[in-house]
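Since the structure comes first, as structure tokens, the remarks are kept for the end.
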Amino acid sequence: MHESSLKYLKCPRCSISLELEKLLEYTEIEEGFLHCKKCKLVFPIISKIPILWDDFSNYISSRKVLSGRLYRLATTKNMKHFLKSFFSNIKFKEDRTHIENRWTKIYQNSRKSKFYSTINKHIHSLPPSKLGVEYGCSIGIITSQMSKNCNYVFGIDRSFSALEEAKKSNKKNTDYVIADTFSNIFGKLNFELVVALNVLEIMEPEPLLKKISHQISNGTVIISDPYDFDRGVNSVKNPVDEKSIRQLMRNLGFKMTSKTKTSSSIPWNLKLHSRATLNYKVDLIIGRKSD
Ligand SMILES: C[S@@+](CC[C@H](N)C(=O)[O-])C[C@H]1O[C@@H](n2cnc3c(N)ncnc32)[C@H](O)[C@@H]1O
Ligand SMILES: [Zn+2]
């Protein structure tokens, strides 16, 4: 974590500023804690990645394999001690680590999909932004491109292995944070560029768009999705389609760019393994709001 990120990050529970305790620092904070003095919450920073999950025990309870990895990654006595005493009280549930690791590899193998170069072209055609954020950034393919257009940019995801990969791009104006998109880790901060790609099946669309709308008073939102909502018990409650998402965005005060007023079908190919590729066609919507 860059120390310069501290001024933007807030406690996910109460939204006040956090205090940084450094345990190990080279060019950035390798290991440390973020403290909320009000909630008495402690958020660890391990391998440069802050885990700003409201309830760290809840995060870890579905990631037993990750808990072992975090312990091995920790290098300072303080961090090892913190993790050991923390993990000893956790009742572990079904493990998500393997599925998150698997998807990290799939995104690594799919970097060359035309989808990402198409999004990059759109980002580079925008006026420069001060602050940008990508929700559900995974390995940061797009976040790292946003850093060329933004003074400072954050990538947010819940997958630790994805952010470990994202962190490899090592840019001074880019940081990655483990957080739930719906938690309020930025308080009342305004962004000029917000990106959320292919996440509407796992993040309830209307609350997500409302959250993004609150964060933009003068700026651009880029959304894409294949509308692949049939996920059984894991489906979101209120899916959207090409028409309803545009209507929702208009209701929130966004104007769609002329190229994205109507739906599109951009190929998004995910290489599952050497013998299988998932071929989606995604719709792209770019909305602008000005004050
Ligand atoms: C389908 S992937 C899309 C990845 C990337 N946006 C892309 O298009 O290549 C969804 C990503 O969102 C993350 N994610 C899902 N729910 C989340 C949440 N509530 N908060 C933060 N990240 C979340 C997942 O870990 C995953 O990396
Ligand atoms: Zn707090």
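For Asn184, indicate whether it is of a type outside the set (Ser, Thr, Tyr), in a loop (DSSP other than H, G, I, E, B), in the same structural domain as Glu206 (by TED's automatic domain parsing) and more than 12 Å from ligand 1 (Cβ to nearest atom).
On the way: of a type outside the set (Ser, Thr, Tyr): yes; in a loop (DSSP other than H, G, I, E, B): yes; in the same structural domain as Glu206 (by TED's automatic domain parsing): yes; more than 12 Å from ligand 1 (Cβ to nearest atom): yes.
Judged against the criteria, Asn184 is a match.
Mind telling me which of the residues Phe87, Phe82 ends up being away from ligand 1 (no atom under 16 Å from the Cβ), at pLDDT 95 or above and more than 18 Å from Leu163 (Cβ to Cβ)? Answer to the check: Phe82. Within the stretch 4-45, restricting attention to residues that are surrounded by fewer than 17 Cβ atoms within 10 Å (Cβ to Cβ) and under 19 Å from the mean Cα position of the chain (by Cα), which residue is nearest to ligand 2 (Cβ to nearest atom)? This residue is Arg13. Contact map, the stretch 200-217: first residue in the same structural domain as Asn238 (by TED's automatic domain parsing), second residue part of a helix (DSSP H, G or I), Cβ cut-off under 7 Å, separation 6 or more or different chains; pairs are Pro205/Ile245; Glu206/Leu248; Leu209/Leu248; Leu209/Met249. Here no strands (runs of 3 or more DSSP E) wholly within the stretch 1-57 include at least 2 residues being within 16 Å of ligand 1 (Cβ to nearest atom) and not assigned by TED's automatic domain parsing to the domain that holds Lys80.
So, in the stretch 157-173, how many residues would count as being of a type in the set (Ser, Thr, Tyr) and buried (at least 24 other Cβ atoms within 10 Å of the Cβ)?
If we filter the stretch 157-173 for residues that are of a type in the set (Ser, Thr, Tyr), which is where we start, we get 159, 161, 169.
Now drop any that are not buried (at least 24 other Cβ atoms within 10 Å of the Cβ), which leaves 159.
Qualifying residue count, the stretch 157-173: 1.
Ile51: buried (at least 16 other Cβ atoms within 10 Å of the Cβ) and modelled with pLDDT of 95 or more, yes or no? Before you say what the answer is, go through the steps one by one.
On the way: buried (at least 16 other Cβ atoms within 10 Å of the Cβ): yes; modelled with pLDDT of 95 or more: yes.
For Ile51, the condition - buried (at least 16 other Cβ atoms within 10 Å of the Cβ) and modelled with pLDDT of 95 or more - is met.
In the stretch 192-226, of all residues being among the acidic types (Asp, Glu) and surrounded by 20 or more Cβ atoms within 10 Å (Cβ to Cβ), the one that is farthest from Tyr152 (Cα to Cα) corresponds to Asp225.
Restricting attention to the stretch 131-152 and to residues that are assigned to a loop (DSSP other than H, G, I, E, B) and under 13 Å from Asn120 (Cα atoms), the residue that is nearest to ligand 2 (Cβ to nearest atom) turns out to be Gly140.
The values are calculated or read from the model by the stated rules, or taken from the named source; none is laboratory data. None of the values given here were measured: they were computed from a predicted structure. Cβ: placed from backbone, ideal geometry, glycine included. Neighbour counts: every protein chain shown.
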